[in-house]
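Asks: Structure in structure tokens, see below.
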Amino acid sequence: TQRLDGRVAVITGAGSGIGLATARRFAAEGAKVVCVDLDPETGAKAANEVGGLFIQADVTDEAAVRDLFQRAVDEYGRLDITFNNAGISPPDDDSILTTGLEAWKRVQEVNLTSVYLCCKYAIPHMQRQGKGSIINTASFVAVMGAATSQISYSASKGGVLAMSRELGVQFAREGIRVNALCPGPVNTPLLQELFAKDPERAARRLVHIPLGRFAEPEEIAAAVAFLASDDSSFMTANTFLVDGGISGA
Ligand code: NAD
């Protein structure tokens, strides 16, 4: 049998990048995958490819988040895994001296409030089963100053990390594990957009990665599948760095 056989997984931001690679990996390991995305085209395409269910939702909308978990459980009868991965990079210069309050708030809402909402509505389903695994996507910038000047982004990811630890500790005795995934730079549309605007920044960043390259989304998906599976059964409230060595250098 496969590692995720019969498991039901919700993935947010499943239409692109890390979420898409993880949807493929989960399905390949036997899971039933609920693909959630704001984008109706890429999200539906992902769900179609992995034979899963697509739910179009904005993960910052509380009613939509509550409904999506209910629909997932209505469709597949349970909820084993939640990968809270949807996120954005600030559109422009994200230095503290230039970031406007509205841009700051939007990043907190999409990257951090969404994780609060998704955990809030995933956990009761997992409590009923006495088991579950939640993986929240933070970033290496949550644990170190990376001189990326992405102030609203880094702050939001620090929040995701701290919240994941708290939840991991709070719900451990109920069989619900919560871990924070901290990827280094990953070759996805999010990163490509950022570096297209500022190619020098890509070069600067590469210098600081001991493995000398960006991660491919599949390498992050492999780590998520591990955290989702029983292979990581003694891990919770963990800061799981998949960063090419950046934080160790
Ligand atoms: P991506 O832009 O390729 O994919 C993100 C997906 O999330 C998109 O499909 C988008 O439509 C969806 N999304 C955005 N806002 C949404 C909302 N409000 N509701 C529902 N869906 C929404 O990005 P990615 O690079 O795969 O990043 C995924 C996660 O990994 C993000 O949280 C990101 O911050 C984090 N991360 C990325 C990198 C990197 O270098 N790419 C590094 C560390 C952490």
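The values are calculated or read from the model by the stated rules, or taken from the named source; none is laboratory data. On a predicted model such as this, the values are computed, not experimentally measured, just so you know. Accessible surface areas use protein heavy atoms only, side chains included; no ligands, DNA or RNA. Shrake-Rupley method; radii C 1.70, N 1.55, O 1.52, S 1.80 Å.
Asks: In whole Å, how far is the Cα centre of the range 155-190 from that of the range 57-96?
Replies: Centre-to-centre (Cα) distance: 14 Å.
Asks: Determine the order of 174, 41 by accessible area, beginning with the largest, at a probe radius of 1.4 Å.
Replies: Output order, biggest surface exposure first: 41, 174.
Asks: Can you give me the long-range amide H partners of residue 241? Hydrogens built in the peptide plane at 1.01 Å from N, cutoff under 5 Å, separation of 5 or more residues or another chain.
Replies: Here the answer is 182, since their amide H atoms fall under 5 Å of that of residue 241.
Asks: Expressed as an acute angle from 0 to 90° and rounded to the nearest 10, what is the orientation of the C-alpha long axis of helix 40-50 relative to the principal long axis of the chain?
Replies: The helix 40-50 is inclined about 60 degrees to the chain.
Asks: To make sure I understand the rule: partners must be lysines, Cα under 25 Å from the Cα of residue 197, and not fewer than 8 residues away in the same chain. Which ones qualify?
Replies: Straight-distance partners of residue 197: 105, 157.
Asks: Then there's this: For the range 86-146, compute Rh as the Kirkwood radius over C-alpha pairs and then the Stokes-Einstein diffusion coefficient at 10 °C and 1.306 mPa s; write the answer in µm²/s, rounded to an integer.
Replies: 116 µm²/s
Asks: Here is a follow-up. Regarding the range 31-98, what's the average projected area of the Cα-atom convex hull, expressed in nm²?
Replies: That works out to 5.9 nm², a quarter of the Cα hull's surface.
Asks: In whole percent, what relative contact order does the chain give with Cα contacts below 8 Å and a gap of six or more residues?
Replies: 20 percent
Asks: Let's test this: bin the Cα-Cα distances of the range 8-241 at 5 Å from zero up to the farthest pair and state each bin's percent.
Replies: Each 5 Å bin holds this share of Cα pairs: 1, 7, 15, 20, 21, 17, 11, 6, 2, 0, 0.
Asks: From largest to smallest, what semi-axes in whole angstrom does the range 122-249 give when each is the square root of 5 times an eigenvalue of its alpha carbon gyration tensor?
Replies: 30, 15, 12
Asks: Something else: Rounded to the nearest percent, how much of the accessible area of the range 65-163 (1.4 Å probe, protein heavy atoms only) is carbon and sulfur?
Replies: About 55 percent, which is the carbon plus sulfur part of the accessible surface.
Asks: Which ³J(HN,Hα) values in Hz, rounded to whole numbers, follow from the phi angles of the range 95-100 under the Karplus curve 6.51 cos²θ - 1.76 cosθ + 1.60, where θ = phi - 60° and Gly and Pro get x?
Replies: Coupling constants for the range 95-100: 6, 5, 7, 10, 5, x Hz.
Asks: Using only Cα atoms, find the angle between the long axis of helix 151-171 and the longest principal axis of the chain, and express it within 0 to 90 degrees, rounded to the nearest 10.
Replies: The angle comes out near 30 degrees.
Asks: Hey, what do the phi angles of the range 73-86 turn into as Karplus ³J(HN,Hα) couplings, whole Hz, using 6.51/-1.76/1.60 and θ = phi - 60°, x for Gly and Pro?
Replies: 6, 4, 6, 10, x, 6, 9, 9, 9, 10, 10, 8, 10, 4
Asks: Round to the nearest 10 and give me the degree value, 0 to 90, for the angle of helix 17-28's Cα axis relative to the longest principal axis of the chain.
Replies: Between helix and principal axis, roughly 30 degrees.
Asks: With every protein chain present, what is the per residue accessible area of the chain (1.4 Å probe, Å²)?
Replies: 45 Å²
Asks: Turning to a different aspect of this structure: Short version: ³J(HN,Hα) in whole Hz for each residue of the range 120-135, in order, from phi by Karplus 6.51 cos²θ - 1.76 cosθ + 1.60 (θ = phi - 60°), x for Gly and Pro, what are they?
Replies: Once θ is set to phi - 60°, the couplings for the range 120-135 become 4, 9, 7, 4, x, 5, 6, 4, 5, 8, x, 6, x, 10, 10, 10 Hz.
Asks: On a 1.4 Å probe surface of the protein chains, which of 45, 197, 32 comes out largest in accessible area, and what is the full order?
Replies: So the residues, ranked largest to smallest area, are 45, 197, 32.
Asks: Quick one: give the max-minus-min coordinate of the C-alpha atoms of the range 47-164 along each principal axis, largest first, in Å.
Replies: The principal-axis extents, from largest down, are 49, 27, 26 Å.
Asks: Return the single residue from 186, 224, 59 with maximal mean-square fluctuation; model: Gaussian network over the chain, springs between Cα atoms under 10 Å.
Replies: 186
Asks: I'd like the accessible area for residue 20: 1.4 Å probe, protein heavy atoms, all chains in place, Å² to the nearest 10.
Replies: 30 Å²
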